[in-house]
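Novice: Below is one structure. I have some questions about it.
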Ligand code: ATP
Ligand code: MG
């Protein structure tokens, strides 16, 4: 793509008028250039309009030092100033000349107006406001332009033979200058358009890559789940084999869920709707959990993990635990994945004082491995979604290329920094530093290890059309003392709510996609019921639609919360707990 724009009439531009910007009240000049835009359907002609602030033009005017009286302005064909230089007085150039030259002689004024209106260029000789004889040169900006550029030069000290030429040069110089500004603008515009075209090409390539990567990465664990189910079914009498299949199937299912959650996170971050939920957390508990989680992987792969968590003077901080953990988990899993058996990983979590903000602590996570490392070339792209180094070692390891993209985005979101130091064949080190508020109260109880609160005495109305989903849900909550009634679609849900006595249900869990009436419509109908005891009931979406837009759509229809399927019991019960406490 050589050039997107081509000057239609070789750099010819038209000055279209002067305007005052409404917001800033700044004076601007409108300039138009005829351009030909090369599109797939062929060349198309456009008039490219833009505005140049008057201040911007003035900045470029350079006057010859030997003629300090030289000035340039811009006027309309009727003499109104667009750019008024210091010796151009009054509101209007014609009125100004009249005032200092022919005063009450309005015929002369009309003659001057006529001259300006009918001629494209000309030289005038009038006195300025100091009574000095001056040469005024005006030149239009081109055909149809309602504006003239106007130069003025005092006759003092000028030789008669050169003065006229001088002012002509000055005005023409200004015209050339405007052309240069215009040209620079066009070049800049071209550059920007080319950049945009490149980015959109890249985005469309990334999308194709995304789809093929996703279908591959989803199929792999799904294939494992289905395969393992088949084996378990065929070997139903061999309880050990069945158990083995179940364990492996669960692992694959969890992997699939992580992958889908990663995609959701990326989409949330990219749509700008990602919010952090800071809470009081214990760093020691978090880091121990993190290491424990990897123990099996480490021993399976014969990798030694050395740790140092001693320098943590402020154990309690205020942070989004899930997201912070996500950063660390991704970096640690990568270190484990991309280090060969027998390798060593060193992991260190420590804090630094921030003298200018003593209420915060800088939490540094340092991880170093002596694994396969990364080439310098790849490191330039490592934070892009779906980027994975292309070599046989990496290709043989399961991965999607989303981990580092998420890490980088989360670190940015938390206002932290990430530094990588890696060399191919030698190893990799990542250092993440995030400033977090210190929680002074060391007495606080840490309940982060607790699975979930028990919920009792709740009666839920669950709108769910899918039998299998209902069966799973019912089974999962049956261990708690929660009573659930099922509605098979939105309409049935509204009817069941209306028919029950007003205080029967504590909340509604609402699927979104259902036959006859969907969850949005059912929610809207419930919200418009007359009885206040019914229309205020908490409604929580329980749906597989989990993109940021979906969550928003649920809120817009009047729901109070959103739980993504597959259901995470911890999230479900903490939501029910909130309902019980009247927080939702
Ligand atoms: P997943 O989405 O499951 O995390 P992934 O591990 O391939 O997949 P990222 O975590 O984004 O994706 O990492 C991107 C790539 O960066 C990896 O595929 C690998 O090529 C390289 N990489 C990341 N960490 C390391 C490391 N510690 N040592 C060597 N290469 C690494
Ligand atoms: Mg990874």
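Computed from the coordinates by the stated procedures, all read-outs in this text should not be read as laboratory data. These numbers were taken from a predicted model, which means no experiment stands behind them. Note that we place each Cβ from the backbone using ideal geometry, even for glycine, and neighbour counts take in every protein chain shown.
Novice: I want to check the label-to-label distance for residue 301 and residue 501. Put each point 7 Å from Cα in the C-beta direction and report it in nm to one decimal.
Specialist: Roughly 6.1 nm, to one decimal.
Novice: State the extension gain, in nm to one decimal, for the chain segment bounded by residue 431 and residue 392, taking 0.36 nm per residue of separation less the distance between their alpha-carbons.
Specialist: 11.4 nm
Novice: I would also like to ask the following. Segment 316-360 to segment 512-583: how many Å between their Cα centroids?
Specialist: 35
Novice: How many nm is it between the label spots at residue 120 and residue 234, if each spot is 7 Å from the Cα in line with the beta carbon?
Specialist: Computed distance between label sites residue 120 and residue 234 equals 8.9 nm.
Novice: What residues from segment 366-384 fall in the zone where the backbone N is under 17 Å from a label point 7 Å along the Cα-to-C-beta line of residue 352?
Specialist: The answer is 366-368.
Novice: Could you put 116, 259, 276 in order, starting from the residue whose Cβ has the fewest other Cβ atoms within 10 Å?
Specialist: 276, 259, 116
Novice: Work out the FRET efficiency for residue 544 and residue 208 from their Cβ-Cβ distance, taking R0 = 25 Å, and round it to the nearest 0.05.
Specialist: After rounding to 0.05, the efficiency reads 0.55.
Novice: Sticking with this one: For residue 571 paired with residue 108, estimate the spin-label separation in nm (one decimal), with each label point 7 Å from Cα along the Cα-to-Cβ line.
Specialist: Going by the 7 Å Cα→Cβ label model, 8.5 nm.
Novice: Related question: Fully extended, how many nm does the chain gain between residue 440 and residue 423 (0.36 nm per residue separation, minus their Cα-Cα distance)?
Specialist: Length gained between residue 440 and residue 423: 2.0 nm.
Novice: Classify segment 203-301 from the C-alpha gyration tensor, please: rounded if a/c falls under 1.5, else prolate or oblate depending on whether a/b exceeds b/c.
Specialist: oblate
Novice: Right, another one. Please compute the length gained on full extension between residue 244 and residue 318, using 0.36 nm multiplied by the number of residues separating them and subtracting their Cα-Cα distance.
Specialist: Gain on stretching residue 244 to residue 318: 22.6 nm.
Novice: Classify segment 300-353 as rounded, prolate or oblate from the Cα gyration tensor: take a ≥ b ≥ c as the square roots of its eigenvalues, call it rounded if a/c is under 1.5, otherwise prolate when a/b beats b/c and oblate if not.
Specialist: Because a/c hits 1.5 or more and a/b fails to exceed b/c, segment 300-353 counts as oblate.
Novice: May I ask you to order 118-127, 558-567 by the average number of other C-beta atoms within 10 Å around their residues, highest value first?
Specialist: Ranked from most to least packed, the peptides come out as 558-567, 118-127.
Novice: Could you please rank 78, 392, 428, 24, placing first whichever residue has the fewest other Cβ atoms within 10 Å of its Cβ?
Specialist: The most exposed by this proxy come first: 392, 24, 78, 428.
Novice: Going by C-beta contacts inside 10 Å, put 408, 233 in order with the fewest on the left.
Specialist: The most exposed by this proxy come first: 233, 408.
Novice: Can I ask one more? Rounded to the nearest 0.05, what FRET efficiency is calculated for residue 344 and residue 293 with R0 set to 22 Å and r the Cβ-Cβ distance?
Specialist: Here the calculated transfer efficiency is 0.70.
Novice: Going 7 Å from the Cα of residue 528 toward and past its Cβ, which residues in segment 492-506 have a backbone nitrogen under 20 Å from where you end up?
Specialist: The answer is 492-499, whose backbone nitrogens lie closer than 20 Å to the label point.
Novice: Which of rounded, prolate, oblate describes segment 451-575, given a ≥ b ≥ c as roots of the alpha-carbon gyration tensor eigenvalues and a/c under 1.5 marking rounded, otherwise prolate only if a/b is larger than b/c?
Specialist: Verdict is rounded for segment 451-575.
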